[in-house]
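Enquirer: Next up is a structure, given as structure tokens.
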Amino acid sequence: MKHVGKSYKKVDHKGILSGKPAYTGDFIPKDALVIKVLRSPHAMARITDIDVSKALLAPGVEAVYTYKDVPKTRFTLAGQSYPEPSAYDALILDEIVRYVGDEVALVVARDEATALKAIPLIKVKYEVMKPVLDLHTAIDNETIVHPEDDIHFNMNVGAEPKRNIAISYHKTVGDVEGELAKCDHIVEGTYYNQATVQSAMEPFQTFGYIDALGRLVLVSSTQIVFHVRRHVSRALGIPTSKIRVIKPRIGGGFGSKQTACTELMVAFVTWKLQKPAVLVYERKEAQTCSTTRHGRDWNIRIGADKDGIIKVIDMYALTDAGAHGTHAFTTTTAAEHKSVPLYNKNTAVHYGSEAVYMNHSPGGAFRGYGATEALWPLECAVNRLADELGMDTAELRQKNLIAVGEQSLVYDEDEYMESGLFQEAVEKVKKMAGWDERPHSWQIDDRYRGGLGMSLALQGSGIAKIDTASVEIRLGDDGRYTLYTGSSDMGMGSNTVLAQMACEIIGCPMEYMTVVESDTDVVPFDPGSYASSTTYVTGTAAKMAAEELVKKIVDTFAKFMDVEADTIEFDGLVATTKDGSKTMTVAELAPKLLVNFGPTYGQLSGFASWGSHTSPPPFMASIAEVKVDTQTGQVTPVNFYSVVDCGTVINPTLARVQVEGGVVQGIGMALYEDVRYSASGKLETDTFMTYKIPTRQDMGTLHTEFVESYEPTSAYGVKSIGEVVINTACPSIQHAIKNAVGADVRTLPMTPEKVFMGMDEKYKV
């Protein structure tokens, strides 16, 4: 029975549609103490005195904790494999608060109402300092965001905390200035991508309890159960064997739940009191007190010869790390690896960034993880270069695209582009949008103009040489199968895809496979669901585990049937000798293995671990069609055409949903979403009343197709799809706006005001 390439419904679709308990909040113990957080009103301050005595006297208050009560071991909240490149610069509670909303104290009470009444009873005196709010004056600012001396780095990331430098990274290959001097055309400019908030449906929530063995159990909406366990172990100074982390269903993550926002506070309270406790973020806390995409101010130069061959790419970003260095280094380096290689005829490259500590919400992981940000200036600059050359932008791109077998200047010595139908994807999206047959700028009516715009994108599949996943598949006593994985299904259907990949080998129908995920006591290690790793890394491990299990099953059938293993045909349910003389079902075999009456006994399982030396990039080509109101500058998406090469498509329906979801998020970043701070550092866009995310009415019509290359390093030739899909919207829409009305908007989001102010005067009504 074939499963790869078929559009199965999600394995948990019935539970979701029926409204059955599935999320963290559905399982909170009735006797759980409620944690509420007193948060800082200041962007940068030192707590000089804190009096909790009145709060402790309030009826129903169990405890109040401040920085004086928590361990002093610094850690990182970033969900990354050890040794994390992110700085250990956080405490559960700190004497210094570094953004408006930072944690000051924890109130633990019998219910939410009591906790909320107690919070105002805490009296705090602050030494208020001038906050660091300007990206361009952060380095060597009079205010040091992290003045402490105990920040720990597992590796050299170029950090100088006393200068507010969280990371410094530069990579140069070749003579950039010398090669630029030889170029016939140079395009340079500055671009800015704003911070954006992941805005998952389910807010951050965690509850904890002590089990019958005296162990700390955390149930949390997280992408990273094993990383959370390690962080808690470090922060509390207790062994990981004393900690269990469980993830129920997640109502969206998009990278935000790759950071342990609530888990450490719950772990501390639960372990301290030895009682169940819960912390649920309100929407305002979810928007303010989690992480955002890193805001980046870009400088870019690209140089080309008269024929349009791009010889030089020079990119630099000044990056807002926010209050902590969470993910600052890896988003920077990932951005380099997923942008510069796109065009591979160059002779010199420079890519660099300083990420600076600021008194903003911490930057963190967000779908696209650096590539979204870096491809924004690169693709805009390539479109400008095409205009300067008088060349079709698709033609320019196709001249310069990396090809299979090539090695980018920024690749490792053993790293090559091993698969990809890049040219085919560009041709296909051109045909879908009618790129060669239609004008790219036109008058719709007296008020509106239309425009088409193009961009391309790469991403990655897991983190090369780091991400390693393990999968176990067991044959149960009823002849059915259970797959155990540490990956986290966040709604994208990864459990369904893993089941398909395993069932393809075993041969059984999908209903014979149960997937158990994200429980550190039960499943083998997995880094979690991030970096587009699940299908490529965990999926390959699932295939290998299935292969091992099938071999064991066939060998066992051979013993019971008294034949050679190579004479047996097995379809996942029934074993039959090739001559048809003997047959036995797996349902008959399985219970026989539980007793020592036959020729052999013991439960059968397949286990595999797998990681890759490379991170093969999926590819996306997109064309945006917009209409622009020449009276107001309002941009309306009309059509968005996309072709994706993610290798072999395991489940076409789920893959399509991934593309459409990513595109809509990209449209939000392009036109609507903006993290804005007041002059004092308070986040002004802290609810959905002020932070606009796109609805179905804001996205136009989405058109999605695939081309399927075959990635030789993976199971079935798969690559990833989860992140590349957000990367093209911003530059495609920017190009379409520019073609429509001449507005070359270089800061995101591209609001009506910016578009109108940049509009060619001849188009203004």
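The values are calculated or read from the model by the stated rules, or taken from the named source; none is laboratory data. Here the structure is a predicted model, which is why all the values come from computation and not from measurement. Glycine also receives a Cβ, built like all others from the backbone with ideal geometry; neighbour counts cover every protein chain displayed.
Enquirer: Can you pull out the residues in the stretch 10-48 that are touching a helix residue (DSSP H, G or I) at 6+ places or on another chain (Cβ under 9 Å), surrounded by 14 or more Cβ atoms within 10 Å (Cβ to Cβ) and over 28 Å from Gln274 (Cα atoms)?
Expert: The answer is Lys10, Val11, Asp12.
Enquirer: Further question: In the stretch 627-651, which residues are assigned to a strand (DSSP E or B), of a type outside the set (D, E, K, R) and farther than 13 Å from Ala743 by Cα?
Expert: Residues of the stretch 627-651 that are assigned to a strand (DSSP E or B), as a first pass: 627-629, 635-645, 647.
Filter once more, so that each one left must be of a type outside the set (D, E, K, R): 628, 635-644, 647.
Scanning the stretch 627-651 gives Thr636, Pro637, Val638, Asn639, Phe640, Tyr641, Ser642, Val643, Val644, Gly647.
Enquirer: If I filter the stretch 698-744 down to residues being of a type in the set (Gly, Ala, Ser) and part of a helix (DSSP H, G or I), which single residue comes out as surrounded by the most Cβ atoms within 10 Å (Cβ to Cβ)?
Expert: Let us first name the residues in the stretch 698-744 that are of a type in the set (Gly, Ala, Ser), namely 700, 709, 714-715, 717, 720, 722, 729, 732, 736, 740, 742-743.
Adding the requirement that they be part of a helix (DSSP H, G or I) leaves 715, 717, 729, 732, 736, 740.
Details: Ala715: 27, Gly717: 17, Ala729: 29, Ser732: 33, Ala736: 31, Ala740: 29.
Per the criteria, the residue is Ser732.
Enquirer: Give the stretch 173-204 a look and list any residue that's surrounded by fewer than 14 Cβ atoms within 10 Å (Cβ to Cβ), touching a residue at least 12 places away in the same chain (Cβ under 8 Å) and not acidic (Asp, Glu), or say none.
Expert: Gly178, Lys182, Thr190, Met201 - these are the residues of the stretch 173-204 that are surrounded by fewer than 14 Cβ atoms within 10 Å (Cβ to Cβ), touching a residue at least 12 places away in the same chain (Cβ under 8 Å) and not acidic (Asp, Glu).
Enquirer: I want to confirm something. Restricting to the stretch 583-607 and keeping residues that are in a strand (DSSP E or B) and either in contact with a helix residue (DSSP H, G or I) (Cβ under 9 Å, 6 or more places away or on another chain) or among the small types (Gly, Ala, Ser) (or both), which single residue is surrounded by the fewest Cβ atoms within 10 Å (Cβ to Cβ)? Walk me through how you get there before you give the answer.
Expert: If we filter the stretch 583-607 for residues that are in a strand (DSSP E or B), which is where we start, we get 583-585, 605-607.
Then keep just the ones that are either in contact with a helix residue (DSSP H, G or I) (Cβ under 9 Å, 6 or more places away or on another chain) or among the small types (Gly, Ala, Ser) (or both); that gives 583-584, 605-607.
Values: Thr583: 14, Met584: 17, Ser605: 16, Gly606: 25, Phe607: 16.
The qualifying residue surrounded by the fewest Cβ atoms within 10 Å (Cβ to Cβ) is Thr583.
Enquirer: If you don't mind, another one. Can you report the number of residues in the stretch 237-259 which are out of contact with any strand residue (DSSP E or B) (no Cβ under 8 Å at 6 or more places or on another chain) and either surrounded by fewer than 24 Cβ atoms within 10 Å (Cβ to Cβ) or aliphatic (A, V, I, L, M) (or both)? Let's see the steps before the verdict.
Expert: Taking the stretch 237-259 as the starting set, the residues that turn out to be out of contact with any strand residue (DSSP E or B) (no Cβ under 8 Å at 6 or more places or on another chain) are 237, 239-241, 252-257.
Checking the rest, the ones that are also either surrounded by fewer than 24 Cβ atoms within 10 Å (Cβ to Cβ) or aliphatic (A, V, I, L, M) (or both) come to 237, 239-241, 252.
Residues flagged as out of contact with any strand residue (DSSP E or B) (no Cβ under 8 Å at 6 or more places or on another chain) and either surrounded by fewer than 24 Cβ atoms within 10 Å (Cβ to Cβ) or aliphatic (A, V, I, L, M) (or both) within the stretch 237-259 amount to 5.
Enquirer: Limited to the stretch 552-561, what total is found for residues that are touching a residue at least 12 places away in the same chain (Cβ under 8 Å), surrounded by fewer than 17 Cβ atoms within 10 Å (Cβ to Cβ) and of a type outside the set (Lys, Arg)?
Expert: Here the count works out to 1.
Enquirer: Considering only residues that are of a type in the set (A, V, I, L, M) and within 27 Å of the chain's Cα centre (by Cα), which ones fall in the stretch 2-42?
Expert: Kept after step one, since they are of a type in the set (A, V, I, L, M), are these residues of the stretch 2-42: 4, 11, 16-17, 22, 28, 32-35, 37-38.
Of everything in the stretch 2-42, those that are of a type in the set (A, V, I, L, M) and within 27 Å of the chain's Cα centre (by Cα) turn out to be Val4, Val11, Ile16, Leu17, Ala22, Ile28, Val37.
Enquirer: In the stretch 163-220, what count of residues is obtained for those that are under 24 Å from Cys261 (Cβ atoms) and aliphatic (A, V, I, L, M)? Explain how you work it out, then say what you get.
Expert: Of all residues in the stretch 163-220, those under 24 Å from Cys261 (Cβ atoms) come to 164, 166-167, 193-211, 215-220.
After this cut, where a residue has to be aliphatic (A, V, I, L, M) as well, the list is 166-167, 195, 197, 200-201, 210, 216-219.
Matching residues across the stretch 163-220 total 11.
Enquirer: When the stretch 650-666 is examined, which residues are found to be buried (at least 24 other Cβ atoms within 10 Å of the Cβ) and either in contact with a strand residue (DSSP E or B) (Cβ under 6 Å, 6 or more places away or on another chain) or without any contact (Cβ under 8 Å) to a residue 12 or more places away in the chain (or both)?
Expert: Within the stretch 650-666, Val659, Val663 meet the criteria.
Enquirer: I've got another one for you. Of the residues Val659, Val638, Val628, only one is within 17 Å of the chain's Cα centre (by Cα) and assigned by TED's automatic domain parsing to the domain that holds Cys380; which? I'd like the intermediate steps shown before the answer.
Expert: Details: Val638 fails: within 17 Å of the chain's Cα centre (by Cα); Val628 fails: within 17 Å of the chain's Cα centre (by Cα).
Sole residue among the options that is within 17 Å of the chain's Cα centre (by Cα) and assigned by TED's automatic domain parsing to the domain that holds Cys380: Val659.
Enquirer: Only one of these conditions is not met by Ser678: (1) farther than 24 Å from Pro731 by Cβ; (2) more than 18 Å from the chain's Cα centre (by Cα); (3) touching a residue at least 12 places away in the same chain (Cβ under 8 Å). Which number is it?
Expert: The one condition Ser678 does not meet is (3).
Enquirer: Next question. For the stretch 303-322, give me each residue that is among the aliphatic types (A, V, I, L, M) and in contact with a strand residue (DSSP E or B) (Cβ under 7 Å, 6 or more places away or on another chain).
Expert: Kept after step one, since they are among the aliphatic types (A, V, I, L, M), are these residues of the stretch 303-322: 304, 309-310, 312-313, 315, 317-318, 321.
Once the filter is applied, which keeps residues that are among the aliphatic types (A, V, I, L, M) and in contact with a strand residue (DSSP E or B) (Cβ under 7 Å, 6 or more places away or on another chain), the stretch 303-322 yields Ala304, Ile310, Val312, Ile313, Met315, Ala317, Leu318, Ala321.
Enquirer: Now, a different point. Just give me the residues in the stretch 652-697 being farther than 19 Å from Arg293 by Cβ and part of a helix (DSSP H, G or I), in sequence order.
Expert: Going residue by residue through the stretch 652-697, those that are farther than 19 Å from Arg293 by Cβ are 652-657, 659-660, 678-680, 682, 689, 695-697.
Result: Pro652, Thr653, Leu654, Ala655, Arg656, Val657, Val659, Glu660, Arg696, Gln697.
Enquirer: In this structure, is Asp111 outside the structural domain of Thr319 (by TED's automatic domain parsing), crowded, with 17+ Cβ neighbours inside 10 Å, modelled with pLDDT of 95 or more and charged (D, E, K, R)? Steps first, answer last, please.
Expert: On the way: outside the structural domain of Thr319 (by TED's automatic domain parsing): yes; crowded, with 17+ Cβ neighbours inside 10 Å: no; modelled with pLDDT of 95 or more: yes; charged (D, E, K, R): yes.
It is false that Asp111 is outside the structural domain of Thr319 (by TED's automatic domain parsing), crowded, with 17+ Cβ neighbours inside 10 Å, modelled with pLDDT of 95 or more and charged (D, E, K, R).
Enquirer: Shifting gears a bit: Test Gly580 against the criterion of being buried (at least 23 other Cβ atoms within 10 Å of the Cβ) and at positive phi, and give yes or no. Explain how you work it out, then say what you get.
Expert: Numbers: buried (at least 23 other Cβ atoms within 10 Å of the Cβ): no; at positive phi: yes.
Considered against the rule, which asks whether it is buried (at least 23 other Cβ atoms within 10 Å of the Cβ) and at positive phi, Gly580 comes out as no.
Enquirer: Identify, by number, the condition in (1) touching a Phe, Trp or Tyr at 6+ places or on another chain (Cβ under 9 Å); (2) farther than 19 Å from His136 by Cβ that Ala317 doesn't meet.
Expert: Among (1) touching a Phe, Trp or Tyr at 6+ places or on another chain (Cβ under 9 Å); (2) farther than 19 Å from His136 by Cβ, the lone unmet condition for Ala317 is (2).
Enquirer: Residues to consider are Asn739, Asn727; find the one that is closer than 20 Å to Gly450 by Cα and among the polar types (S, T, N, Q). Working first, answer last.
Expert: On the way: Asn727 fails: closer than 20 Å to Gly450 by Cα.
Testing whether each residue is closer than 20 Å to Gly450 by Cα and among the polar types (S, T, N, Q) leaves just Asn739.
Enquirer: Looking at Val187, Val225, Val197, Val219, can you tell me which residue is touching a Pro at 6+ places or on another chain (Cβ under 9 Å) and not small (Gly, Ala, Ser)?
Expert: Numbers: Val187 fails: touching a Pro at 6+ places or on another chain (Cβ under 9 Å); Val225 fails: touching a Pro at 6+ places or on another chain (Cβ under 9 Å); Val197 fails: touching a Pro at 6+ places or on another chain (Cβ under 9 Å).
Of the residues listed, the single one that is touching a Pro at 6+ places or on another chain (Cβ under 9 Å) and not small (Gly, Ala, Ser) is Val219.
Enquirer: In the stretch 76-119, what count of residues is obtained for those that are assigned to a loop (DSSP other than H, G, I, E, B) and out of contact with any helix residue (DSSP H, G or I) (no Cβ under 6 Å at 6 or more places or on another chain)? Show your work before the answer.
Expert: The initial filter retains those residues of the stretch 76-119 that are assigned to a loop (DSSP other than H, G, I, E, B), namely 76-77, 79-87, 89, 91-95, 98-102, 110-111.
Going one step further and asking which of them are out of contact with any helix residue (DSSP H, G or I) (no Cβ under 6 Å at 6 or more places or on another chain), we end up with 76-77, 80-84, 86-87, 89, 91, 93-95, 98-100, 102, 110-111.
Number satisfying all stated conditions: 20.
Enquirer: Please specify each residue of the stretch 114-160 satisfying the condition of being touching a strand residue (DSSP E or B) at 6+ places or on another chain (Cβ under 7 Å), within 22 Å of Pro85 (Cα to Cα) and buried (at least 19 other Cβ atoms within 10 Å of the Cβ).
Expert: Ala138, Val145, His146, Val157, Ala159
Enquirer: Same structure, new question: Considering only residues of the stretch 49-93 that are among the polar types (S, T, N, Q) and out of contact with any strand residue (DSSP E or B) (no Cβ under 6 Å at 6 or more places or on another chain), which is surrounded by the most Cβ atoms within 10 Å (Cβ to Cβ)?
Expert: Initially, the stretch 49-93 is screened for residues among the polar types (S, T, N, Q), giving 53, 66, 73, 76, 80-81, 86.
Narrowing the set further to residues that are out of contact with any strand residue (DSSP E or B) (no Cβ under 6 Å at 6 or more places or on another chain) leaves 53, 73, 80-81.
Working: Ser53: 10, Thr73: 14, Gln80: 27, Ser81: 19.
Across the stretch 49-93, the extreme among qualifying residues is Gln80.
Enquirer: Here's another thing I want to ask about it. I want to confirm something. Restricting to the stretch 515-536 and keeping residues that are of a type in the set (Val, Ile, Thr) and part of a helix (DSSP H, G or I), which single residue is surrounded by the most Cβ atoms within 10 Å (Cβ to Cβ)?
Expert: If we take residues in the stretch 515-536 being of a type in the set (Val, Ile, Thr) and part of a helix (DSSP H, G or I), then Thr535 is surrounded by the most Cβ atoms within 10 Å (Cβ to Cβ).
Enquirer: Another question about this same structure. Return the pairs, sorted by first residue and then second, in which the second residue is among the basic types (Lys, Arg) and outside any strand (DSSP E or B), the first residue lies in the stretch 121-136 and is more than 13 Å from His360 (Cα to Cα) and touching a residue at least 40 places away in the same chain (Cβ under 8 Å), the beta carbons are less than 8 Å apart, and the residues are 6+ apart or on different chains.
Expert: If the second residue must be among the basic types (Lys, Arg) and outside any strand (DSSP E or B), the pairs left are Leu121/Lys54; Ile122/Lys54; Lys123/Lys54.
Enquirer: Then there is this: Any idea which residue in the stretch 286-326 is farthest from Ile165 (Cα to Cα), counting only those that are among the polar types (S, T, N, Q) and part of a loop (DSSP other than H, G, I, E, B)? Step through it out loud before you land on a result.
Expert: Restricting attention to the stretch 286-326, the residues satisfying the condition of being among the polar types (S, T, N, Q) are 287-288, 290-292, 299, 319, 326.
Cutting the leftovers down to part of a loop (DSSP other than H, G, I, E, B) gives us 290-291, 326.
Working: Ser290: 21, Thr291: 18, Thr326: 13 Å.
Taking the candidates together, the pick is Ser290.
Results for (1) outside the structural domain of Thr701 (by TED's automatic domain parsing); (2) buried (at least 24 other Cβ atoms within 10 Å of the Cβ); (3) touching a strand residue (DSSP E or B) at 6+ places or on another chain (Cβ under 6 Å); (4) aromatic (Phe, Trp, Tyr), shown as yes or no for each residue.
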residue: Asn344; (1), (2), (3), (4): no, no, no, no
residue: Met358; (1), (2), (3), (4): no, yes, yes, no
residue: Ala371; (1), (2), (3), (4): no, yes, no, no
residue: Pro377; (1), (2), (3), (4): no, yes, yes, no
residue: Val382; (1), (2), (3), (4): no, yes, no, no
residue: Glu406; (1), (2), (3), (4): no, no, no, no
residue: Gly420; (1), (2), (3), (4): no, yes, yes, no
residue: Asp436; (1), (2), (3), (4): no, no, no, no
